Every structure is written in C-alpha cells, then in structure tokens.
Amino acid sequence: MNWTLITATNDEKVLKSCLLSSPDIRFATEVMLQRGYRSAAEAYNCASARAKTELLIFVHQDVYLPEGWIDAVQNAVEMISRADPNWGVLGVWGGVRRGNPGYMYWTGVAGTAGKPFEGFLEVSTLDEVVLIIRRSSRIHFDEQLAGYHFYGTDICLEAKRRGMKCYSISAFCIHNTNCYKLLPLEFWRGYFFIRRKWKSELPITSPCVEVTFWCWPAIRWNICQMANLILGRHKAAKRVKDPSQLYKGMVDSGLVALPVITRTNK
C-alpha cells in the first residue's frame with residue numbers, strides 16, 4: 001500500500017521520541033514534516049498538494065504507532081473501500097452522540113480508551129490524533145480555522161456536506177500527550193469557529209466535547225477540572241519519555257494484544 005505520512009511539528013524532541021520512533025513509518029512511501037505553519041489546516045493542505053500518493057495519513061507529532069499499525073489501517077481501508085468506495089475521512093477515535101468509537105491509549109488521562117473492535121464504525125466526527133483521507137476525494141482543511149484544534153471535526157462535517165461518510169477504525173496507537181489543566185484559549189477560538197460555521201448542525205458531537213450554542217458542555221468541563229485540581233482529586237498526567245517502552249509494558253502485562261502483522265504493505 002502506498003501512503004504518505006504527514007505531521008505538523010513544532011517540537012523536535014517530541015517528534016523524535018514519538019512519531020519518528022514508530023516502527024511502521026518505515027513503510028511510508030513518503031514522510032512529510034510540516035514546520036513553521038500557523039495552523040494545522042495550512043500545514044496539511046500544503047502537504048496534500050505535494051504528496052505523491054492517493055492515501056494521506058495525518059498524525060500528531062506526539063503519537064506512537066506500534067508495529068503492525070499500518071497493517072490494521074490497510075485492512076480497514078480495504079474493507080471500507082469495498083463497502084463504501086466514496087468514504088470521506090477515517091480515524092482512530094470518533095465522536096457520536098453516545099460514546100467514542102475507537103481504541104487507543106492517552107497518557108494525558110493515563111489510561112486505555114475504548115476497546116478493540118472488528119471492521120469499522122460510522123461516526124459523526126473524528127479526533128485530530130489520526131486522520132486519513134483520499135486525495136481524490138478533494139476534501140480540504142479549512143484554512144480559516146486558525147490553530148490546531150477542531151480541524152478534525154470540521155473536515156468530517158465538510159465530508160458530510162459532500163455526501164461522504166466518516167469511520168473510526170481499530171488501529172491501536174499511543175497519544176503521548178500532556179493533560180490540559182484547563183481548556184486553552186486556542187481551543188475556545190476553534191470551538192467558536194465551529195459553532196459559527198456549522199450553526200445549522202448544532203449540537204455537534206466532537207470526540208472531546210459537544211459543541212452547542214450556549215457552550216455549556218465545555219464550560220462544565222473547565223469547572224469540573226478546576227474543582228478537581230483545587231481539591232487535589234486529580235493531577236494532570238504528563239507524557240512519557242519513551243512511548244515504545246510504555247507500549248512494551250502494556251503488551252507484557254496483557255493490557256493490549258500484539259496485532260496480527262501481514263506485511264502486505266511492503
């Protein structure tokens with residue numbers, strides 16, 4: 001399978017310890033490291049225009065893709081393409097009204113999220129941690145959306161507007177990230193952009209929080225987080241130095257199972 005790996009990066013240390021240390025990126029047809037861009041949308045659109053392959057995989061710089069990850073992606077893409085050749089966007093962590101279809105590990109919450117599943121699951125939106133599109137779909141990221149939040153939600157809604165469906169696939173990875181103490185200003189800018197642009201679609205279930213006219217779900221998250229921090233009920237988890245060792249420990253303990261490796265991507 002020919003595929004292009006694309007990431008927007010601003011931290012060389014995190015990039016090298018996470019994404020670039022992932023064993024499966026050696027199977028990528030090309031790896032595009034986008035530096036110095038003002039937004040994820042701008043970085044990703046510029047890379048998409050230069051990419052040589054049909055399949056484009058956008059991944060956060062702080063994600064570790066364990067061995068066998070791309071096999072899981074390839075199997076999912078083949079199944080989805082047979083069932084829905086006109087699919088829009090794929091990812092590993094989705095948003096629906098009740099639940100989050102997906103399977104991954106977040107160091108920011110120090111736990112495994114979701115569970116393995118067969119096939120693929122239709123979702124309304126997808127988290128930005130991993131996004132997969134086809135160049136031929138002609139879906140683009142909206143460069144009016146500044147920063148690095150909510151572009152996954154936005155591109156899924158763009159796909160929906162064009163009559164395309166989005167899916168979550170079971171391709172386990174580690175998002176080696178710090179936990180937010182409170183939602184940052186850039187998050188709120190993205191939130192209000194989505195609320196304004198997609199007003200007719202409200203409420204919108206993003207993978208992290210529901211976007212509503214009155215913003216209450218996001219405000220409530222901040223209030224609960226602040227209360228927990230003040231009362232000492234919760235300490236913000238941090239990324240680990242070596243996600244490969246974290247993954248090895250999860251496999252050794254039986255927390256996650258080793259994937260079936262087919263190597264059809266060679």
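Readers should treat all values here as calculations from the given coordinates under stated rules, not as data from a laboratory. Source: prediction; values computed, not measured. As a convention, Cβ positions derive from the backbone with ideal geometry for all residues, glycine included, and neighbour counts pool all protein chains shown.
Values as computed for the structure displayed
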item: The stretch 144-266 - percent relative contact order, Cα under 8 Å, separation 6 or more; result: 25
item: Global geometry of the stretch 1-144, whether rounded, prolate or oblate, following the gyration tensor of its Cα atoms and the 1.5 cut on a/c; result: rounded
item: Highest-fluctuation residue, PRO243, PRO101, PRO217 considered, GNM on the chain with Cα pairs under 10 Å; result: PRO217
item: 19 Å Cα-Cα reach of LYS160 towards lysines, excluding residues that sit fewer than 8 places from it in its own chain; result: LYS197, LYS199
item: Where labels lie 7 Å past Cα in the beta-carbon direction, separation of LYS16 and ASN45 in nm; result: 3.3
item: Length-normalised contact order for the chain - Cα pairs under 8 Å, 6+ apart - percent; result: 23
item: Difference of contour (0.36 nm per residue) and Cα-Cα distance, ASN86 to CYS215; result: 43.1 nm
item: Cβ-based net charge around LEU121, under 14 Å, with every Lys or Arg adding one and every Asp or Glu removing one; result: 0
item: Estimated dipole of the chain in Debye, rounded to 20 [Cβ of Lys and Arg +1, of Asp and Glu -1, Cα centre]; result: 480
item: Fully extended contour minus Cα-Cα distance, from ILE261 to LEU185, at 0.36 nm per residue; result: 23.2 nm
item: Distance violations [Cα-Cα > 20 Å] among LYS13/LYS241; LYS16/LYS241; LYS115/LYS248; LYS13/LYS238; LYS115/LYS241; LYS16/LYS238; result: LYS115/LYS241
item: Cα gyration tensor shape for the stretch 142-266, rounded if a/c is under 1.5, else prolate or oblate; result: oblate
item: Under the Karplus curve 6.51 cos²θ - 1.76 cosθ + 1.60, θ = phi - 60°, whole-Hz ³J(HN,Hα) for the stretch 112-124, x wherever Gly or Pro sits; result: 7, 10, x, 8, x, 8, 8, x, 8, 10, 5, 9, 7
item: Tail beyond 17 Å, pair distance distribution of the stretch 5-61 (Cα, percent); result: 33
item: Amide H partners (placed H, <5 Å) of CYS173, local residues excluded; result: TYR105
item: Pairs of Cα atoms farther than 36 Å apart, the chain, %; result: 9
item: ARG196-SER253 FRET efficiency (beta carbon distance; Förster radius 35 Å; 0.05 resolution); result: 0.15
item: Paramagnetic reach from LYS52 in the stretch 29-43 [backbone N under 19 Å; point 7 Å along Cα→Cβ]; result: 29-34
item: Max mean-square fluctuation residue, GNM over the chain, Cα-Cα springs under 10 Å, options LEU231, LEU185, LEU20; result: LEU231
item: Residue among SER170, SER22, SER136 with the largest mean-square fluctuation in a Gaussian network model of the chain, springs linking Cα atoms under 10 Å; result: SER136
